Amino acid sequence: MSNSLKNQLLKSGLADPKKLKKLEHEKRTAADKDEARKLAQKALEEKQARDRELNRQQQEEREAKAREAQVINMVETQAISRKGGETAYQFADGGKIKKLYVTEPQFNQLVKGQIAVVRKGDGYELVPTVVAEKILTRDESVVVVLNTRVEKQEVDEEDPYKDYVIPDDLMW
């Protein structure tokens, strides 16, 4: 009630001061309880949102670890032995030229895109192209050389060497 109405009722004797104080107290406690209930509900919703985000992050981490384990397993089980390799195959990795000694048939398979070079720890391994493509779906950074994409190079019409094709197996 407004103060002027409350004062008029008290003066006229229509309202009891004790009952009026009790009503005001009940009104305040009800408002406080309602406010506390709203705050508790808001805190609960915020906690649930944080928990959902944390669960999503943990799920992504588990999936990433599972993909990493699958890649490691594929590389270890499908690696092609380079034993006896005397031919140097050079490739770029991270802006640096790396050299891998392979056999002559492996060199030809690398050039034709039948096998690929993948990163394993600090070294490199050879795997079949099918395996490299599966690895690409899980982690692109592991596959270093995969010669399946044949890109058409632009030819400059004024280039005097435009009619000469550079062989893929050129040693440099």
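Laboratory data are not the source of any read-out in this text; all were calculated from the coordinates shown. All values derive from a computational prediction rather than experimental measurement. Here Cβ is always computed from backbone atoms with ideal geometry, including for glycine, and neighbour counts include all displayed protein chains.
Given their separation in residues at 0.36 nm each and the Cα-Cα distance between them, ASN73 and GLU46 gain 5.7 nm when the chain is fully extended.
Put the Cα centre of segment 72-124 next to the Cα centre of segment 23-57 and the gap is 61 Å. Note on the chain: with a GNM built from Cα contacts shorter than 10 Å, the maximum mean-square fluctuation among LYS21, LYS47, LYS65 falls on LYS21. Subtracting the Cα-Cα distance of THR87 and ARG37 from their residue separation scaled by 0.36 nm leaves 10.4 nm. Computed from backbone phi, the HN-Hα couplings of segment 103-118 come to 7, 4, x, 5, 4, 5, 5, 4, 5, 7, x, 7, 10, 9, 9, 10 Hz, rounded to whole numbers (Karplus: 6.51 cos²θ - 1.76 cosθ + 1.60, θ = phi - 60°; Gly and Pro given as x).
Among the GluC sites (Glu not before Pro) in segment 30-136, those located in a DSSP loop and surrounded by at most 15 other Cβ atoms within 10 Å of their own Cβ are GLU86. Taking only alpha carbon atoms, segment 79-145 gives an Rg to Rh ratio of 0.93, where Rh is the Kirkwood radius.
GLU63 sits among other residues whose Cβ lies under 11 Å from its own Cβ, and their net charge, with Lys and Arg +1 and Asp and Glu -1, is +2. Taking a straight Cα-Cα cut-off under 18 Å and skipping sequence neighbours fewer than 8 places away in the same chain, the aspartates and glutamates within cross-link reach of LYS27 are ASP16, GLU35. Our summary of shape: the Cα atoms of the chain have principal axis extents of 114, 48, 24 Å, ordered from largest down, in whole angstrom. Among LEU39, LEU136, LEU146, the largest mean-square fluctuation in a Gaussian network model of the chain (Cα springs under 10 Å) belongs to LEU39. Just checking the listed ones, SER81, SER12, SER141: in the Gaussian network model of the chain with Cα springs under 10 Å, the one fluctuating most is SER12.
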